1. For residues that are of a type outside the set (S, T, N, Q), within 16 Å of the ligand (Cβ to nearest atom) and closer than 19 Å to A224 by Cβ, tally how many sit in the range 144-173.
2. Restricting to the range 58-71, name every residue that is assigned to a loop (DSSP other than H, G, I, E, B) and open to solvent by 60 Å² or more (accessible area, probe 1.4 Å).
3. Does any residue in the range 100-123 that is farther than 9 Å from I68 by Cβ come within less than 7 Å, Cβ to Cβ, of a residue that is among the charged types (D, E, K, R) six or more places away or on a different chain, and which pairs are these?
4. Only one of these is outside any helix (DSSP H, G or I), open to solvent by 40 Å² or more (accessible area, probe 1.4 Å) and of a type in the set (A, V, I, L, M): A97, A74. Name it.
5. Taking the options V83, V44, V65, name whichever one is away from the ligand (no atom under 11 Å from the Cβ) and among the β-branched types (V, I, T).
6. What pairs can you find where one residue is in the range 208-225 and closer than 23 Å to N186 by Cα, the other is open to solvent by 30 Å² or more (accessible area, probe 1.4 Å), and their Cβ atoms are less than 6 Å apart, with a gap of 6+ or different chains?
7. If I ask for residues that are open to solvent by 30 Å² or more (accessible area, probe 1.4 Å), of a type outside the set (A, V, I, L, M), within 10 Å of the ligand (Cβ to nearest atom) and within 22 Å of I214 (Cβ to Cβ), which ones from the range 182-204 would you list?
8. Across the range 1-24, which residue is farthest from the ligand (Cβ to nearest atom) among those that are in a strand (DSSP E or B) and open to solvent by less than 30 Å² (accessible area, probe 1.4 Å)?
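The values are calculated or read from the model by the stated rules, or taken from the named source; none is laboratory data. Fair warning: this is a prediction, and the values are worked out from it, not measured in the lab. Cβ placement follows ideal geometry from the backbone for every residue including glycine, while neighbour counts extend to all protein chains displayed. Accessible surface areas use protein heavy atoms only, side chains included; no ligands, DNA or RNA. Shrake-Rupley method; radii C 1.70, N 1.55, O 1.52, S 1.80 Å.
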Amino acid sequence: MSNSPRALITGASSGIGRATAIALAEAGYDILLVARDEAKLAKVAGEVEGKGQKATTLSLDLNDVETIQSKLQAFIGEGGLDVLVNNAGIGYTGRLAEMPLADWQQVMNLNVGSVFECTRAVLPMMRKAKAGTIVNIASVAAYNAFPEWGAYGVSKAALVSLSKGFAVEEREHGIRVTIVSPGAVNTPIWDTDTVDADFDKAGMMTPEVVAGAIVQTVLLPAAAVVEEIRVMPSGGAF
Ligand code: NAP
(Lines give C-alpha, C1' and ligand atoms only; values in the text may rest on other atoms or scores of the structure.)
Protein backbone atom coordinates (compact mmCIF):
# COMPACT_ATOMS: atom_id res chain seq x y z
CA MET A 1 0.00 0.00 0.00
CA SER A 2 1.51 3.27 -1.14
CA ASN A 3 1.49 6.20 1.26
CA SER A 4 2.39 8.67 -1.45
CA PRO A 5 0.44 11.91 -1.72
CA ARG A 6 -1.94 12.03 -4.69
CA ALA A 7 -2.23 14.59 -7.48
CA LEU A 8 -4.93 14.79 -10.14
CA ILE A 9 -4.00 16.51 -13.37
CA THR A 10 -6.47 17.43 -16.11
CA GLY A 11 -5.19 17.56 -19.67
CA ALA A 12 -2.56 15.04 -18.60
CA SER A 13 -2.30 13.32 -21.99
CA SER A 14 -0.11 15.97 -23.59
CA GLY A 15 2.09 19.05 -23.23
CA ILE A 16 2.25 20.82 -19.86
CA GLY A 17 -0.09 18.29 -18.20
CA ARG A 18 1.99 15.30 -19.24
CA ALA A 19 5.23 16.99 -18.14
CA THR A 20 3.65 17.94 -14.80
CA ALA A 21 2.51 14.35 -14.24
CA ILE A 22 6.05 13.09 -14.73
CA ALA A 23 7.61 15.85 -12.61
CA LEU A 24 5.17 15.31 -9.73
CA ALA A 25 5.82 11.56 -9.93
CA GLU A 26 9.53 12.33 -9.60
CA ALA A 27 8.63 14.35 -6.50
CA GLY A 28 6.91 11.28 -5.00
CA TYR A 29 3.27 11.75 -5.95
CA ASP A 30 0.87 9.10 -7.24
CA ILE A 31 -0.88 10.58 -10.25
CA LEU A 32 -4.51 10.55 -11.38
CA LEU A 33 -4.57 11.41 -15.07
CA VAL A 34 -7.60 12.93 -16.83
CA ALA A 35 -8.08 13.78 -20.53
CA ARG A 36 -10.05 12.36 -23.49
CA ASP A 37 -7.45 10.32 -25.39
CA GLU A 38 -7.15 6.92 -23.69
CA ALA A 39 -4.10 5.76 -25.63
CA LYS A 40 -2.14 8.89 -24.80
CA LEU A 41 -3.22 8.69 -21.15
CA ALA A 42 -2.01 5.08 -20.98
CA LYS A 43 1.37 6.13 -22.35
CA VAL A 44 1.75 8.88 -19.74
CA ALA A 45 0.64 6.43 -17.03
CA GLY A 46 3.50 4.17 -18.08
CA GLU A 47 5.91 7.09 -17.79
CA VAL A 48 4.63 7.86 -14.27
CA GLU A 49 5.00 4.22 -13.26
CA GLY A 50 8.51 4.33 -14.66
CA LYS A 51 9.25 6.85 -11.89
CA GLY A 52 8.07 4.31 -9.29
CA GLN A 53 4.68 5.92 -8.60
CA LYS A 54 1.11 4.74 -9.16
CA ALA A 55 -0.89 6.07 -12.09
CA THR A 56 -4.61 5.78 -12.79
CA THR A 57 -6.40 7.20 -15.81
CA LEU A 58 -9.86 8.56 -16.56
CA SER A 59 -11.00 9.29 -20.09
CA LEU A 60 -13.39 12.22 -19.74
CA ASP A 61 -14.57 15.03 -22.00
CA LEU A 62 -14.43 18.02 -19.69
CA ASN A 63 -16.77 19.91 -22.02
CA ASP A 64 -19.53 17.86 -20.40
CA VAL A 65 -19.44 20.07 -17.34
CA GLU A 66 -22.61 18.67 -15.78
CA THR A 67 -20.98 15.24 -15.31
CA ILE A 68 -17.62 16.42 -13.96
CA GLN A 69 -18.33 16.44 -10.22
CA SER A 70 -19.76 12.91 -10.00
CA LYS A 71 -17.20 11.38 -12.36
CA LEU A 72 -14.17 12.98 -10.71
CA GLN A 73 -15.37 12.08 -7.23
CA ALA A 74 -15.91 8.45 -8.27
CA PHE A 75 -12.46 8.41 -9.90
CA ILE A 76 -10.70 9.82 -6.82
CA GLY A 77 -12.59 7.47 -4.51
CA GLU A 78 -11.68 7.03 -0.86
CA GLY A 79 -7.98 7.79 -1.30
CA GLY A 80 -8.46 11.55 -1.05
CA LEU A 81 -6.53 14.16 -3.00
CA ASP A 82 -3.62 16.40 -2.07
CA VAL A 83 -3.15 18.34 -5.31
CA LEU A 84 -5.43 19.28 -8.21
CA VAL A 85 -3.83 20.76 -11.34
CA ASN A 86 -6.50 22.33 -13.55
CA ASN A 87 -4.53 22.30 -16.77
CA ALA A 88 -6.89 21.13 -19.55
CA GLY A 89 -7.72 23.96 -21.89
CA ILE A 90 -8.48 24.80 -25.48
CA GLY A 91 -6.40 27.21 -27.53
CA TYR A 92 -8.47 29.30 -29.90
CA THR A 93 -7.69 31.96 -32.48
CA GLY A 94 -10.25 34.09 -34.25
CA ARG A 95 -11.18 37.75 -34.38
CA LEU A 96 -13.77 38.76 -31.80
CA ALA A 97 -15.96 40.49 -34.40
CA GLU A 98 -16.27 37.43 -36.57
CA MET A 99 -16.13 34.35 -34.35
CA PRO A 100 -19.27 32.20 -34.05
CA LEU A 101 -21.04 32.55 -30.71
CA ALA A 102 -20.83 28.77 -30.28
CA ASP A 103 -17.01 28.96 -30.45
CA TRP A 104 -16.93 31.68 -27.79
CA GLN A 105 -19.15 29.54 -25.58
CA GLN A 106 -16.98 26.47 -26.10
CA VAL A 107 -13.82 28.32 -25.05
CA MET A 108 -15.53 29.65 -21.89
CA ASN A 109 -17.08 26.26 -21.14
CA LEU A 110 -13.80 24.35 -21.12
CA ASN A 111 -11.32 26.99 -19.95
CA VAL A 112 -13.52 28.36 -17.14
CA GLY A 113 -16.58 26.16 -16.62
CA SER A 114 -14.70 22.88 -16.38
CA VAL A 115 -12.23 24.36 -13.88
CA PHE A 116 -15.18 25.60 -11.80
CA GLU A 117 -16.62 22.09 -11.67
CA CYS A 118 -13.32 20.19 -11.24
CA THR A 119 -12.50 22.43 -8.30
CA ARG A 120 -15.93 22.02 -6.72
CA ALA A 121 -15.58 18.26 -7.13
CA VAL A 122 -12.52 18.14 -4.86
CA LEU A 123 -13.33 20.85 -2.30
CA PRO A 124 -15.39 18.59 0.03
CA MET A 125 -12.55 16.06 0.41
CA MET A 126 -9.90 18.79 0.77
CA ARG A 127 -12.02 20.61 3.35
CA LYS A 128 -12.40 17.37 5.28
CA ALA A 129 -8.62 16.92 5.24
CA LYS A 130 -8.15 20.64 6.05
CA ALA A 131 -5.44 20.66 3.38
CA GLY A 132 -5.03 20.76 -0.36
CA THR A 133 -3.35 22.59 -3.19
CA ILE A 134 -5.09 23.65 -6.38
CA VAL A 135 -2.99 24.89 -9.30
CA ASN A 136 -4.77 26.59 -12.18
CA ILE A 137 -2.97 27.01 -15.49
CA ALA A 138 -3.92 30.43 -16.88
CA SER A 139 -1.81 32.33 -19.44
CA VAL A 140 -0.03 35.59 -20.10
CA ALA A 141 -3.02 36.16 -22.43
CA ALA A 142 -5.05 36.87 -19.27
CA TYR A 143 -3.09 40.13 -18.96
CA ASN A 144 -1.88 41.07 -22.45
CA ALA A 145 -4.16 41.37 -25.47
CA PHE A 146 -3.00 39.59 -28.59
CA PRO A 147 -4.89 39.97 -31.89
CA GLU A 148 -7.07 36.91 -32.56
CA TRP A 149 -6.57 35.56 -29.05
CA GLY A 150 -9.41 37.66 -27.56
CA ALA A 151 -11.77 34.86 -26.54
CA TYR A 152 -8.89 32.82 -25.16
CA GLY A 153 -7.64 35.88 -23.24
CA VAL A 154 -11.08 36.50 -21.72
CA SER A 155 -11.30 32.86 -20.66
CA LYS A 156 -7.90 32.99 -18.96
CA ALA A 157 -8.65 36.36 -17.29
CA ALA A 158 -11.84 34.80 -15.97
CA LEU A 159 -9.84 31.83 -14.76
CA VAL A 160 -7.49 34.17 -12.87
CA SER A 161 -10.48 35.81 -11.21
CA LEU A 162 -12.10 32.46 -10.44
CA SER A 163 -8.86 31.28 -8.85
CA LYS A 164 -8.68 34.38 -6.65
CA GLY A 165 -12.28 33.83 -5.57
CA PHE A 166 -11.63 30.23 -4.57
CA ALA A 167 -8.38 31.28 -2.86
CA VAL A 168 -10.02 33.77 -0.50
CA GLU A 169 -13.05 31.57 0.17
CA GLU A 170 -11.20 28.31 0.81
CA ARG A 171 -8.11 29.37 2.72
CA GLU A 172 -10.01 29.09 6.00
CA HIS A 173 -10.24 25.37 5.17
CA GLY A 174 -6.49 24.99 4.69
CA ILE A 175 -6.78 24.94 0.89
CA ARG A 176 -4.23 26.84 -1.21
CA VAL A 177 -4.85 28.09 -4.75
CA THR A 178 -1.99 28.94 -7.10
CA ILE A 179 -2.26 30.56 -10.53
CA VAL A 180 0.47 29.70 -13.03
CA SER A 181 0.43 31.95 -16.10
CA PRO A 182 2.90 30.83 -18.76
CA GLY A 183 4.01 32.62 -21.89
CA ALA A 184 4.51 30.53 -25.02
CA VAL A 185 5.26 26.86 -24.44
CA ASN A 186 6.17 24.43 -27.21
CA THR A 187 3.28 21.96 -27.01
CA PRO A 188 0.81 20.45 -29.50
CA ILE A 189 -1.69 23.23 -28.64
CA TRP A 190 -0.17 25.34 -31.43
CA ASP A 191 -1.09 22.65 -33.98
CA THR A 192 -4.70 22.02 -32.91
CA ASP A 193 -7.62 22.69 -35.29
CA THR A 194 -8.81 25.74 -33.37
CA VAL A 195 -5.43 27.55 -33.47
CA ASP A 196 -4.07 29.30 -36.54
CA ALA A 197 -0.68 30.69 -35.49
CA ASP A 198 2.68 30.60 -37.19
CA PHE A 199 5.23 31.18 -34.46
CA ASP A 200 8.86 30.19 -34.20
CA LYS A 201 8.73 27.42 -31.63
CA ALA A 202 12.46 27.60 -30.98
CA GLY A 203 11.97 30.63 -28.70
CA MET A 204 9.23 28.97 -26.65
CA MET A 205 9.68 27.30 -23.28
CA THR A 206 9.52 23.54 -23.02
CA PRO A 207 6.63 21.99 -21.08
CA GLU A 208 9.22 20.52 -18.70
CA VAL A 209 10.31 24.04 -17.65
CA VAL A 210 6.74 25.02 -16.82
CA ALA A 211 6.17 21.70 -15.04
CA GLY A 212 9.25 22.39 -12.91
CA ALA A 213 7.79 25.74 -11.85
CA ILE A 214 4.45 24.08 -11.01
CA VAL A 215 6.15 21.46 -8.85
CA GLN A 216 8.11 24.14 -6.96
CA THR A 217 4.88 25.93 -6.05
CA VAL A 218 3.26 22.66 -4.92
CA LEU A 219 6.24 21.71 -2.74
CA LEU A 220 6.25 25.01 -0.84
CA PRO A 221 5.46 24.29 2.84
CA ALA A 222 1.74 24.45 3.65
CA ALA A 223 2.28 27.58 5.76
CA ALA A 224 2.89 29.57 2.56
CA VAL A 225 1.28 29.85 -0.86
CA VAL A 226 2.51 31.03 -4.23
CA GLU A 227 -0.54 33.03 -5.19
CA GLU A 228 0.54 33.60 -8.75
CA ILE A 229 3.53 33.26 -11.02
CA ARG A 230 4.15 34.24 -14.63
CA VAL A 231 6.67 32.04 -16.36
CA MET A 232 7.98 33.59 -19.56
CA PRO A 233 10.55 32.63 -22.19
CA SER A 234 13.69 34.49 -21.15
CA GLY A 235 14.16 35.59 -24.76
CA GLY A 236 10.98 37.64 -24.49
CA ALA A 237 7.25 37.36 -25.02
CA PHE A 238 5.49 37.01 -28.33
P1 NAP B 1 -1.85 20.52 -25.23
O2 NAP B 1 -0.56 19.79 -25.35
O3 NAP B 1 -2.73 20.65 -26.45
O4 NAP B 1 -2.67 19.85 -24.03
C5 NAP B 1 -4.02 20.14 -23.80
C6 NAP B 1 -4.54 19.05 -22.88
O7 NAP B 1 -5.92 19.34 -22.58
C8 NAP B 1 -4.48 17.70 -23.52
O9 NAP B 1 -4.07 16.73 -22.58
C10 NAP B 1 -5.93 17.44 -23.95
O11 NAP B 1 -6.17 16.04 -23.90
C12 NAP B 1 -6.69 18.17 -22.85
N13 NAP B 1 -8.02 18.54 -23.28
C14 NAP B 1 -8.37 19.37 -24.29
N15 NAP B 1 -9.69 19.41 -24.42
C16 NAP B 1 -10.20 18.58 -23.46
C17 NAP B 1 -11.51 18.18 -23.11
N18 NAP B 1 -12.58 18.63 -23.76
N19 NAP B 1 -11.66 17.29 -22.10
C20 NAP B 1 -10.58 16.80 -21.44
N21 NAP B 1 -9.32 17.15 -21.73
C22 NAP B 1 -9.14 18.02 -22.75
O23 NAP B 1 -1.63 21.99 -24.73
P24 NAP B 1 -0.76 22.67 -23.55
O25 NAP B 1 -0.05 23.78 -24.19
O26 NAP B 1 -0.03 21.68 -22.75
O27 NAP B 1 -1.95 23.31 -22.70
C28 NAP B 1 -2.19 23.05 -21.33
C29 NAP B 1 -2.72 24.31 -20.68
O30 NAP B 1 -1.73 25.33 -20.71
C31 NAP B 1 -3.96 24.91 -21.35
O32 NAP B 1 -4.88 25.34 -20.37
C33 NAP B 1 -3.40 26.11 -22.09
O34 NAP B 1 -4.36 27.12 -22.29
C35 NAP B 1 -2.29 26.52 -21.14
N36 NAP B 1 -1.24 27.37 -21.72
C37 NAP B 1 -0.51 26.93 -22.77
C38 NAP B 1 0.47 27.76 -23.30
C39 NAP B 1 1.30 27.35 -24.50
O40 NAP B 1 1.97 28.20 -25.08
N41 NAP B 1 1.30 26.07 -24.89
C42 NAP B 1 0.70 29.02 -22.75
C43 NAP B 1 -0.07 29.43 -21.66
C44 NAP B 1 -1.03 28.60 -21.15
P45 NAP B 1 -7.12 15.22 -24.88
O46 NAP B 1 -6.97 15.77 -26.26
O47 NAP B 1 -6.59 13.80 -24.73
O48 NAP B 1 -8.48 15.37 -24.30
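1. Total meeting the criteria: 0.
2. Once the filter is applied, which keeps residues that are assigned to a loop (DSSP other than H, G, I, E, B) and open to solvent by 60 Å² or more (accessible area, probe 1.4 Å), the range 58-71 yields only D64.
3. Listed by first residue and then by second, the contacts come to N111/K156; L123/E170.
4. None of the others qualify; the one that does is A97.
5. After ruling out the rest, the residue left standing is V83.
6. V215/A27; T217/V226
7. N186, P188, W190, T192, K201
8. Ranking the candidates gives A7 first.
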